[in-house]
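Okay, structure first, notes after.
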Amino acid sequence: MKIKTTSLLLSLVLVTIGVTPVVGNSRSLPPVEGPPPPVEVNGDELAVGDIVATGIRGEGGDCNIDAVKVRTTAPGQGKTQWLGIVLDTHCRVVVNAKWEGPLTDGPVDVIEPLLRILPVSPTIPEKPQLDLMSRGGASGLSALACSLKTSEQLVFMYGYGGTWDKLTRKTGKLTFCYDGVNATINSQSGTCQGSTPGSWSWVVDACVTIDVRSGPAPIVWRTGRGDYHCNPPSQFPCNIPAQDGYYHSLYDSEDGHSNGTSHCSFWWTGVIVAGVDRQILQGCT
Amino acid sequence: MAKPLKVSIVNAATVAAILLAAGVALYALFVLLVGVPGIVVGEGEVTGSVRYFPHPAAVVPLLATAILLGGLLTRKLLIAWIGFAILSTFSVLFLFSIGGGLLPMTGLLLILLTIITISWRNAS
């Protein structure tokens, strides 16, 4: 297969995360039918100035190059390696940059052409957003086109002292990436908390994630549930209600939309003391 | 009852009330700064870890005991009773959290303050 390019400058950046078997400079025999597989080059062995491939100049001045696939392995857990590859005026594919860390650490003359060819108007994300690139094999290019948002809330059951009198708590946190078309969950978590204020305690019976929609989708969400009771159920003050033990469940749900908005909701079931309320810790708008 | 015995009882009750109020104040300070222990469990986890969560509402019993102590030390019973009223109200309202632990001490303070009040009134 031939790649025909009219542009003399082509920037390619290929990122491989995790421990990926590196394919060396091996060439496969062409199949009987169909185009031959691209030549794979081990990017780990490449240095700045190395020629990855050489093309043939066509009559119209176009440059025809055999398909080349460059693979690199991550230099370590959570780390990212970048290769800048350019097509020079002599119809050669040359490595013009190589660096580790966030994309923004790379040379500007390598990054800018890349950003110009992205399908959506890109913004170079802040460094924390580059964590996206450490997610199992996610493309660094697609990660660049989205923004991150985190929504977090604390749902709690309170006593007769009001919202200062928190007895059981449930937190939920959702971090999602949105690009105007879709949203994808980057990370999600939740915790449940009881307390031991005296000879009795608020016990966490279970803490579970009951629903997650990771996306990519126009709306992504997570829902968590915490089950609690007052222990020992038959002793004061746990035995005050008609139904001993104040067995109850707190639910939290956080969603993220493709346009960057987010909503947080909560509800409960079972026997509660005075009420259930929540605090928005971040996002949820 | 002999007068020296009465005086001894009143003195003992006053000292006990002061010590008890100081104990409550220390407990409130601990809960305010360090917190109440609680098990935190992550979603999907079976076991959790113990963490202490400071309780901002503990500032109320701290102030209440300060008022109570001030009244006892200056022999102004009305002020001591105001402090006690705040403390006991807090104990009832916050029964299911830190207030429940203060209830027995509040009951003892009620007995001691009653003894002190009756004795001081009789003496005056």
Query raised in the report: Using alpha carbon centroids, what distance separates segment A:155-194 and segment B:76-124, in Å?
Result: 39
**Report entry** Cα Rg, Dmax, chain B, angstrom units
**Finding:** 18.0, 69
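Order of B:52, A:228 from fewest to most other C-beta atoms within 10 Å?
Ordered by Cβ neighbours within 10 Å, fewest first: B:52, A:228.
May I ask which of A:166/B:76; A:149/A:170; A:98/A:173 have a Cα-Cα span longer than 26 Å here?
Violating the 26 Å Cα-Cα cut-off are A:166/B:76; A:98/A:173.
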**Report entry** Likely footprinting exposure, A:82, A:200, B:81, fewest C-beta neighbours within 10 Å first
**Finding:** B:81, A:200, A:82
Requested in this report: Within 10 Å of each residue's Cβ, count the other Cβ atoms and sort A:165, A:205 from fewest upward.
Outcome: A:205, A:165
Query - Binned Cα-Cα distances of segment B:60-124, short to long, each 5 Å bin given as a whole percent - result: 4, 20, 28, 24, 13, 8, 3, 1, 0
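Taken together, the values in this text are just the output of simple stated rules run on the coordinates, not laboratory data. Since we're looking at a predicted model, the values are computed, not measured. With ideal geometry, Cβ positions are generated from the backbone for all residues, glycine too; neighbour counts draw on all protein chains shown.
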